[in-house]
Every structure is written in C-alpha cells, then in structure tokens.
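The values are calculated or read from the model by the stated rules, or taken from the named source; none is laboratory data. All figures in this text were calculated on a predicted structure; none of them were measured in a lab. We place every Cβ from the backbone using ideal geometry, glycine too, and count neighbours over all the protein chains shown. All accessible areas refer to the heavy atoms of the entire protein, side chains included, with ligands and DNA or RNA removed. Shrake-Rupley method; radii C 1.70, N 1.55, O 1.52, S 1.80 Å.
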Amino acid sequence: MTNNGSQPRDVNGAAGQPPLVDPFGRAISYLRVSVTDRCDFRCVYCMSENMSFLPKADVLSLEELDRLCSAFVARGVRKLRLTGGEPLVRRGIMTLVNALARHLRSGDLDDLTLTTNGSQLAKYAADIKAAGVRRLNVSLDTLDADKFRAITRWGDLNQVLGGIDAAQSAGLKIKINAVALKGVNDDEFPRLIEWAHGRGMDLTLIEVMPLGEIGEGRLDQYLPLSMVRARLAERFTLDEIDYRTGGPARYVQVAETGGRLGFITPLTHNFCESCNRVRVTCTGTLYMCLGQEDAADLRKPLRASEGNALLFGAIDEAIGRKPKGHDFVIDRRHQRPALSRHMSVTGG
C-alpha cells in the first residue's frame, strides 16, 4: 500500500514520527548523501590532485547508510540523492541502491537519484534502471577531449559519453551539470546546450563554489552566471518557466532547441529562501547548509544503539540549527575558500 504523505509513516518501525521543519518553517524533504569521498577523477574545482582519503573505519557501511537514509525517509524526506566523490566507485553500491528502492515501491519516497561523473555508467546503467531509479545527473563540463582531461586531470571523455549512451539506452533520463569556469569552458556553452537538448537532456550551469583548497585560484575560476546568461540571451531566446526539480536550479526554456536550461547561482543570487535540503557525508556528518561549517555527528548515535531514538534526537537537534542562508563569497578580499572541506567530502 502506498502512502500519500498525509498519514504517519512506518519506515523501519518509525511509526508516527513528525516531519522535519527548520526554524524558518521550511520542510526538509530532500536529502543528499555522500556514499564515498573517493573519486576516479580529480576535477580542478573539486579536489586537489593528491587527495588523502578517509580510513575505512570512518566511513559508514552500506547497512548504516541504508538505516540513516531510511530514518530521514521516516521523517518526511521524499527525495534522496546519492553522491560522492563518485558514488559508483563505492564497492557494493548497487546493494544500497536496491535496498533504498524499497521506499519507492512503498510510496514513502518519490525520487531516488544519483549524481555521477559518468565514468562507470556503462557498467551500472541497466542495474540502476532496474532498481527503480528514473533519472541521473551527470557532471560534464566540456565536450573537448583535451579540455576534459585537463579539467578532470584523469578523466576520459569517450568513457563518459559511452556511459551516457548506456544510461539513455537503459531508459534513464539524464540531466547534464556543467560548472562554469572562466577562460576554460565559457566559449562552449552554446555547443553544450545544443548537444544536450539535441539528445533530450536538460542542462544546468553551476557557479564554482568556494569549498576546499584545490591548488587553483578561486577568483581565477569564478564566472558569474548573470554574465553567462546575458551572453546566451544574445544568441538564444530564453523564456522564463515555472519548472522545479526540488533542487536550487532556476530554469528557462530555450526556444531554439526546445530544451530546458538551468542556472545554479550560490554566489550571484543565492537560493536559500526556499531551501528544503540537507546533506550527509559518508562519515555520517550532517550539514544543514552547504555553505556553513556547522554540522552534527550522526555516526555516533547511529552506532550507539540498534534503535533510532538517539538518531532521531540528533537529527531533530541539528535541524533546529539550520541557518537561513550560506556565507559563500568570492572576491579579491576572499582568495581562500569559504570553507576548508572539499566538495567531494560534503557530496556534490
């Protein structure tokens, strides 16, 4: 029997738990979970080339990740996104995907998705679709093979394009995410739009976020999307549309292609007023805001008891501290990252 959300739900025995609402009245319905801090790429805006990864004992097991995600589903989360690092390099990842898919079948979860770099999609696409996942986000910043190698340091563009082919052949809906990098891919956005829309894929452009030391100058990378949009408007007709996916992107319809183009602008125009999201790292650290250091340790209560009472208490206390907005800023006075942790740690 499915649940329309109007009755208390019993997910892993958590009957009658109230929904999560932050101090500003925003219902928390979207959870992003990093299943690993590891990745097979080293993208220049995300990681340093020589990363030190977490010891295995610090990382939640697949069973712990399932229990943690299920606790949030019990508290009203309707959309769950698995991220990394690169989630598909986590050993046994399909065990977790298949386990979480039970919440789709019960009706307690509306959407189970992944964000991936696409490198492993040829291997996993059919299994992901069979589990009940309907759509994926694929991070792809350029269609130039040499430039792709330079951005990712280790990546192979053809491998990613083959993964996208496999995902679409399996029936998965794909959205492409591209980080706007000044002097790197800013000349490619029209081509990316036409390529993505020509294959029936939405495209979202993202401003670079000041997270973690990466051996690159943040100001050198930063390209305001207000400027990008103005340039694109000289070539395309961008019609405002009321379309949302549950995330922070604001979309327009490109009249010439018929496709949707999204903009995620944490710096030029933040998206905090309607934030319904929280993030959990692969160590069980809950970040109530991507752009704030305040966090809550959920691993300790998770491992302290087989029941969820301690876990629910820790989640409630943390959501009660969710801030109104973030502190991202990039300018000449703020050359260092706003936060010391890398995006791969928090979950992309």
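Residue-level check: of (1) more than 17 Å from E64 (Cβ to Cβ); (2) in a strand (DSSP E or B), L80 misses just (1).
Selection of region 98-118 for residues being out of contact with any strand residue (DSSP E or B) (no Cβ under 7 Å at 6 or more places or on another chain) and either of a type outside the set (S, T, Y) or under 15 Å from V33 (Cα atoms) (or both) yields N98, A99, R102, H103, R105, G107, D108. Of the candidates T142, T152, the single residue that is touching a helix residue (DSSP H, G or I) at 6+ places or on another chain (Cβ under 7 Å) and in contact (Cβ under 8 Å) with a residue 24 or more places away in the chain is T142. Pairs meeting the criteria (first residue in region 107-135 and closer than 25 Å to V77 by Cα and among the polar types (S, T, N, Q), second residue surrounded by fewer than 20 Cβ atoms within 10 Å (Cβ to Cβ) and modelled with pLDDT of 95 or more, beta carbons under 6 Å, at least 6 apart or on different chains) are T113/R135. Taken as a whole, the structure places T265 among residues that are surrounded by 20 or more Cβ atoms within 10 Å (Cβ to Cβ) and farther than 30 Å from A131 by Cα.
Report yes if G155 is among the small types (G, A, S) and closer than 25 Å to Y251 by Cα, otherwise no.
Working: among the small types (G, A, S): yes; closer than 25 Å to Y251 by Cα: no.
In short, no.
For region 160-184: of the residues being more than 21 Å from the chain's Cα centre (by Cα) and modelled with pLDDT under 95, which is nearest to S226 (Cα to Cα)? Within region 160-184, the match that is nearest to S226 (Cα to Cα) is K182.
Against the condition of a type in the set (F, W, Y), surrounded by 14 or more Cβ atoms within 10 Å (Cβ to Cβ), under 26 Å from A178 (Cβ atoms) and modelled with pLDDT of 90 or more, how does Y30 come out, does it pass?
Working: of a type in the set (F, W, Y): yes; surrounded by 14 or more Cβ atoms within 10 Å (Cβ to Cβ): yes; under 26 Å from A178 (Cβ atoms): yes; modelled with pLDDT of 90 or more: yes.
Spelling it out, Y30 is indeed of a type in the set (F, W, Y), surrounded by 14 or more Cβ atoms within 10 Å (Cβ to Cβ), under 26 Å from A178 (Cβ atoms) and modelled with pLDDT of 90 or more.
Listed here are the strands (runs of 3 or more DSSP E) enclosed by region 256-340 that have at least 2 residues being more than 30 Å from A196 (Cα to Cα) and modelled with pLDDT of 65 or more: 285-287, 295-297. Please find, within region 43-75, the residue that is surrounded by the most Cβ atoms within 10 Å (Cβ to Cβ) out of those that are among the aliphatic types (A, V, I, L, M) and modelled with pLDDT of 95 or more. Among those residues, the one meeting the criterion is L65. The criterion of being under 18 Å from the mean Cα position of the chain (by Cα) and either of a type in the set (F, W, Y) or open to solvent by 10 Å² or more (accessible area, probe 1.4 Å) (or both) holds for R78. The residue pairs whose first member lies in region 299-312 and is in contact (Cβ under 8 Å) with a residue 60 or more places away in the chain and more than 13 Å from L60 (Cα to Cα), whose second member is outside any helix (DSSP H, G or I) and open to solvent by 70 Å² or more (accessible area, probe 1.4 Å), and whose beta carbons are closer than 9 Å, counting only pairs six or more residues apart or on different chains, are N308/N12. Identify, please: which residue in region 72-86 is among the hydrophobic types (A, V, I, L, M, F, W, C) and free of Cβ contacts under 8 Å to residues at least 60 places away in the same chain and is, among those, nearest to D40 (Cα to Cα)? Filtering region 72-86 for residues that are among the hydrophobic types (A, V, I, L, M, F, W, C) and free of Cβ contacts under 8 Å to residues at least 60 places away in the same chain, the one nearest to D40 (Cα to Cα) comes out as L82.
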